[in-house]
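Reading through the structure tokens given below for one structure.
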Amino acid sequence: MTTNRTFTMLKPDAVAANNIGPILAKINEAGFKIVAMKYTRLTHERAGEFYEVHKERSFYNDLLEYMSSGPIVAAILEKDNAVEAYRTLIGATDPSKASPGTIRNQFAKSIAANAVHGSDSDENAAIEGSFFFSKIEIY
Ligand code: CMP
């Protein structure tokens, strides 16, 4: 079963490069409704909780350093088949493999600083959304 919500973060590289506006415009143009949004910054520890699934990976500590290096934008997005539709919009994790026109193709700097995060399943979309937002912050 698919749900109509996914979770995204605009990562520190995208925020530092003043790309919040252009990325949100692409999200809106693709038909997603923003149902929750927050400008915030992860601590190293909170980044570790968020990315715990990757804790055995060689890049884990670098990922936490990077994700806590500056502010991010967290958001919950709504659209039919949201998880898959958003992953198509953002493109491959490695921007050198992301299709033309995708957010990562256009805005990402590297596989680590890859502009945006998008949930990989409905289950993770719900977990990640509730990591940042309480029920009364979702409209
Ligand atoms: P994201 O979709 O946020 O999920 C996990 C993140 O880990 C991923 O985007 C990348 O930013 C990062 N990542 C994945 N693979 C690598 C890698 N080989 N080297 C560095 N970072 C990686």
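Just so it is clear, none of the values below were taken in a lab; they were calculated from the coordinates. Everything quoted here is computed from the prediction, not taken from an experiment. We place every Cβ from the backbone using ideal geometry, glycine too, and count neighbours over all the protein chains shown.
Considering only the other residues whose Cβ falls under 12 Å of the Cβ of Pro71, what net charge follows from Lys and Arg at +1 and Asp and Glu at -1?
Values: positive: Lys11, Lys38, Arg41; negative: Asp13.
So the environment of Pro71 carries a net charge of +2.
With the cut-off at 24 Å, tell me which of the pairs Lys26/Lys135; Lys11/Lys33; Lys26/Lys109; Lys26/Lys55 have Cα atoms farther apart than that.
Where the Cα-Cα span goes over 24 Å, the pairs concerned are Lys26/Lys135; Lys26/Lys55.
Give me the percent relative contact order of the chain, please, defined on Cα pairs under 8 angstrom at least 6 residues apart.
Numbers: 242 pairs, mean separation 53.2, N = 139.
RCO, the chain: 38 percent.
Work out the charge dipole of the chain with +1 on the Cβ of Lys and Arg and -1 on the Cβ of Asp and Glu about the Cα centre, then indicate which of Ile20, Phe50, Ala75 is farthest towards its positive end.
Final value for the positive-end residue is Ile20.
Measuring from the lowest to the highest alpha carbon on each principal axis, how far does the chain reach, largest first, in angstroms?
Per principal axis, max minus min of the Cα coordinates gives 35, 35, 28 Å.
Using unit Cβ charges (K, R positive; D, E negative) and no other charged atoms, how large, in debye to the nearest 20, is the dipole of the chain about its Cα centre? Show your work: numbers first, answer last.
Working: 15 positive and 17 negative charges, 78 e Å.
Charge dipole, the chain, about its Cα centre: 380 debye, nearest 20.
Which residue fluctuates the most in the chain, going by a Gaussian network model with Cα springs under 10 Å, if the choices are Phe59, Phe50, Phe107?
Comparing Phe59, Phe50, Phe107 in a Gaussian network model of the chain, the most mobile one is Phe59.
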